[in-house]
Amino acid sequence: MSAPVVDAVEEEIERIESERRRRQVQAQGGAGRTLLVAGVGLAAFAVECLIVWLLWNEFQPIWLPPVLHLLACAAAFALAWYVRPGGSVSRFMMLMALSLFFMGPIGPPGVLFAMVLHAIFRRSATPFDEWYQSLFPEEVDEPSRKLYEMLTRGLADAASQENVTSFTDVLQYGSIEQKRAVISLLSRDFRPEFAPALQSALADPNPAVRVQAATAAANIEGDFLERAIELETAARRAPNDSTTQIKAARHFDDYAFSGILDGDRQAENRRKAETYYRAALDLDPESAAASLGIGRLLVRLGRLQEAEDWFEAGFDRGLVGPAELTWYLEATYRLGDLDRLRYAVAGFGDDILADPRTSERLRDVIRLWMGKAQPSAPAPGEMRLV
């Protein structure tokens, strides 16, 4: 066995032994620490009762009650700091001193009652590390785990042919374990299109699922802010790079309409997205990504006439593709401008249908407006497995 391996084994044995000794000392000092805190609490309560009695009877001199209170608090803080039966500051002793200082005679009984509840519930409580690990388990490189993630994300090769359960369906009808597994996946690999599933988890009737979903949402927002700072910094350092401006714009654009931000932050992200898109377009007037981003923002914000004019100006410059036509058709439809919609479908419908990037949903819409019949289903005798 090599020397590094032996050293590693010895370090692990020493760590285990040290942890065992620490737990043994902690267990031995637990009873003494509890009795000490209880004794201090009873003594402090007796002193505070004496102070109340002195105040009630207007005992002279008048400065004696507050002095007794300060002395009792000082003694409690001193005991909390210097007396450490288990080798560390007793949290209940420190809580006793703080509650005594701020709450007077009410503090010590409250702390003693909290100690009783702690002793009762700690027997069945789940350790924090174990609880957090159950919320967000570490990734394990197991074939079964990989297969589960592929099916859940819809990344399997047969996903287009098989009925893969969606995130939202799992969160609505799945078991608690399945819901928590899906939330863990959402947190690790979040994309804006997953926002409806996360919103569904936040409204789940089970409190454990809601807590995990709230934790995941907080982690996602933290990652978003961290990434936003990086992209904005890069955009400021490279003001003449259109690609850097577009990256920042897309980031704010995606999260502005993800559904996980509040109204004010959504509006701020939309404003930033439009600013960066226009900066990229100023640098590269032929940028299809920037042109599409601005037009999409206009449609989403309800500025439909602006969006219609914007896309038509892009068509004149040759910026015609399935994505541009999709948002242009939506703008004309919502404006009620059906003549322009029919003209666009007649002029570009065949090109859209021929483009492999066109989704099936858009193909159905184009066929409907072109008056083309849907492909007929094969006869039972013609169906066969490939």
Review point. Counting only the heavy atoms of the protein chains, how much of VAL211 is accessible to a 1.4 Å probe, in Å² to the nearest 10?
Key: 70 Å²
Exercise for review: Please give the length that would be gained between ALA346 and LEU70 if that part of the chain were fully extended, namely 0.36 nm times their separation in residues minus their C-alpha to C-alpha distance (nm, one decimal).
Suggested key: 90.6 nm
Review point. With the contact rule set at Cα under 8 Å and sequence spacing of 6 or more, what percent relative contact order holds for the stretch 196-320?
Key: 17 percent
**Study point:** Formal net charge of residues neighbouring ALA289 (Cβ-Cβ distance under 15 Å; K, R +1; D, E -1)
**Key:** -2
**Study point:** Under Karplus coefficients 6.51, -1.76 and 1.60, residue-wise ³J(HN,Hα) of the stretch 356-371 in Hz, glycine/proline x
**Key:** x, 7, 6, 6, 5, 5, 5, 4, 4, 5, 5, 4, 4, 6, 7, x
Review point. Across the stretch 341-351, in residue order, what do the Karplus-derived ³J(HN,Hα) couplings come to in whole Hz, using 6.51 cos²θ - 1.76 cosθ + 1.60 with θ = phi - 60° and x for Gly and Pro?
Key: 5, 5, 5, 5, 5, 5, x, 10, x, 5, 5
Exercise for review: Considering only protein heavy atoms, with the full assembly of protein chains and a 1.4 angstrom probe, order ASP253, ASP189 by accessible area, largest first.
Suggested key: ASP189, ASP253
Review point. Which log10 I(q)/I(0) values, to two decimals, does the stretch 331-373 give at q = 0.17, 0.21, 0.22, 0.25 Å⁻¹ under the Debye formula with one point per Cα?
Key: -0.44, -0.66, -0.72, -0.89
Check your understanding: ARG342 accessible area, nearest 10 Å², 1.4 Å probe?
Key -> 120 Å²
Check your understanding: Are there trypsin sites (Lys or Arg not before Pro) in the stretch 238-305 that DSSP marks as loop and that have at most 16 other Cβ atoms within 10 Å, and which are they?
Key -> ARG303
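The values are calculated or read from the model by the stated rules, or taken from the named source; none is laboratory data. Worth saying up front: this structure is predicted, and the values here are computed from it rather than measured. Heads up, the Cβs are rebuilt from the backbone with ideal geometry, glycines too, and the neighbour counts pull from every protein chain shown. Keep in mind that these areas ignore ligands, DNA and RNA; they rest on the heavy atoms of the full protein, side chains included. Shrake-Rupley method; radii C 1.70, N 1.55, O 1.52, S 1.80 Å.
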